[in-house]
Amino acid sequence: MSSDFLHIDRVSRRFGAFTAIDNLSLDIAQGEFFALLGPSGCGKSTLLRMIAGFEEPDAGTITLDGKALTQPPHRRPVNMMFQSYALFPHMNVTRNVAFGLRQEDVPSSAVRERVAAALSLVQLDGLGDRKPHQLSGGQRQRVALARALVKRPKVLLLDEPLAALDKKLREETQSQLVRLHRELGTTFVIVTHDQEEAMMMAQRMAVMDHGQIAQIGTPEEIYDRPVSRYVASFIGNVNLIEGVIARIDPLGSQIDCGPAGYYRIEHPNRVAQGTPVSIAIRPEKLRLTIDNPPGKAINAMQGTLVEIGYLGDSTHYRVRTGDRLMTIALANQGKMPRFAIGDAVWVSFALDAAIVLER
Ligand code: ATP
């Protein structure tokens, strides 16, 4: 796998005085399923549109397979599927999918074959004569996908492709996209603001913040080892406790969190004594007990249970401890402990359950 197949090199894009993409560099490998993720307005779509050719960078270059991407959109070996699907309402499915090929003067017999293959790929065989209004939302989405794939792009760009679908259909379509990606081996770049969607589909992802990249990695790397409070909070839920590194030893640090307590964390990253840090702990890494937890009072805090949210496969608990609310997620399996709102409880965590982030 060539690691710099799609090479974005120090690209910036401004709109008036506003910088939407700020000196951003990123390499996407051939055949990769890559997600651009971030809150609304962070520049995801602008970056995708520059790859597609609908926007031009003010600075920097984008190359694909060693060649600069400077052609107009329809001449680029990339194709984009839009959130709105942008289907022609007066054309049937076959003509919608064939549109790009017809513009390229592909012979009719080849167009027919390729359209049929694309429709089969997205499991729409037999629906070629329908008009878009005669299709369900999910079917329209797949027509748009077939239309983007029929030109056999080197890179398929997907801008929030599942946003218009309901939750169940969205989950089914996520699996279909993963299957399609595996079958085709095409490079997929998807834009989404939905972190679960990105984690479920992408092999690697970039979390964006104000036109820059906050972190790039596999879903596991980003979830388990976020590099900042921003990334930790954007991907999944996290409990943050502020403190200062009080002591360091070969295994980790002791962190003084003032009234919130004194904690011991085993972590490989060295942070100097006196550094202000946040302790970040995922809700599922916290333990909740009525009695003083085993290991006495190491990494344990006393509090009051103030909220219980049953989610089927897990239950989320909120515990007030001092002036902070901690969220704990317990899987609903086997015999569950019984808690009631108002219970005096202990919240605790193992030495290696938390990460230390510099503030
Ligand atoms: P969303 O998830 O809401 O689509 P996004 O991360 O995709 O957000 P972009 O659409 O890339 O964000 O926009 C980034 C910023 O650039 C936004 O603040 C937006 O208002 C601004 N922007 C985008 N296109 C233009 C334009 N043509 N003219 C002026 N400002 C623009």
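The values are calculated or read from the model by the stated rules, or taken from the named source; none is laboratory data. Predicted model only: the values in this text are computed from it and were never measured. With ideal geometry, Cβ positions are generated from the backbone for all residues, glycine too; neighbour counts draw on all protein chains shown.
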Review point. Hey, PRO72 hits all of (1) buried (at least 17 other Cβ atoms within 10 Å of the Cβ); (2) away from the ligand (no atom under 16 Å from the Cβ); (3) farther than 24 Å from GLN195 by Cβ but one; which does it fall short on?
Key: (1)
Exercise for review: Check ARG10, ARG49 and return the single one that is over 16 Å from ASN79 (Cβ atoms) and in the same structural domain as PHE82 (by the TED database).
Suggested key: ARG10
Exercise for review: Take the range 1-56 and flag every residue that is within 21 Å of ALA163 (Cα to Cα), within 12 Å of the ligand (Cβ to nearest atom) and small (Gly, Ala, Ser).
Suggested key: GLY38, SER40, GLY41, GLY43, SER45
Revision key, fill the gap. Picked from the range 148-169 (must be buried (at least 20 other Cβ atoms within 10 Å of the Cβ) and part of a helix (DSSP H, G or I)), the residue nearest to the ligand (Cβ to nearest atom) is ALA148
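Going by the structure shown, is GLY66 modelled with pLDDT under 95 and in contact with a helix residue (DSSP H, G or I) (Cβ under 8 Å, 6 or more places away or on another chain)? I'd like the intermediate steps shown before the answer.
Details: modelled with pLDDT under 95: yes; in contact with a helix residue (DSSP H, G or I) (Cβ under 8 Å, 6 or more places away or on another chain): no.
Here the answer is no, as GLY66 does not meet what is asked.
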Revision key, fill the gap. Per the list (1) within 16 Å of the ligand (Cβ to nearest atom); (2) under 18 Å from LYS151 (Cα atoms), residue check on ASP65 breaks on (1)
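Listed here are the residues, each with its yes/no results for (1) modelled with pLDDT of 95 or more; (2) under 32 Å from the mean Cα position of the chain (by Cα).
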site	(1), (2)
TYR263	no, yes
ARG270	no, yes
GLY274	no, no
THR304	yes, no
GLU307	yes, yes
Study note, to complete from the structure: Exception for ALA98 within (1) surrounded by fewer than 18 Cβ atoms within 10 Å (Cβ to Cβ); (2) free of Cβ contacts under 8 Å to residues at least 60 places away in the same chain falls at (1)
**Study point:** Complete set of residues in the range 200-252 that are more than 19 Å from VAL189 (Cβ to Cβ), assigned to a helix (DSSP H, G or I) and among the acidic types (Asp, Glu)
**Key:** GLU220, ASP224
Exercise for review: Looking for whichever is under 28 Å from ALA35 (Cα atoms) and either hydrophobic (A, V, I, L, M, F, W, C) or in the same structural domain as VAL189 (by the TED database) (or both) here; the options are VAL111, VAL106, VAL155. Which one fits?
Suggested key: VAL155
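Is it the case, given these coordinates, that ALA202 is crowded, with 18+ Cβ neighbours inside 10 Å and over 19 Å from LYS285 (Cα atoms)? Steps first, please.
On the way: crowded, with 18+ Cβ neighbours inside 10 Å: yes; over 19 Å from LYS285 (Cα atoms): yes.
Considered against the rule, which asks whether it is crowded, with 18+ Cβ neighbours inside 10 Å and over 19 Å from LYS285 (Cα atoms), ALA202 comes out as yes.
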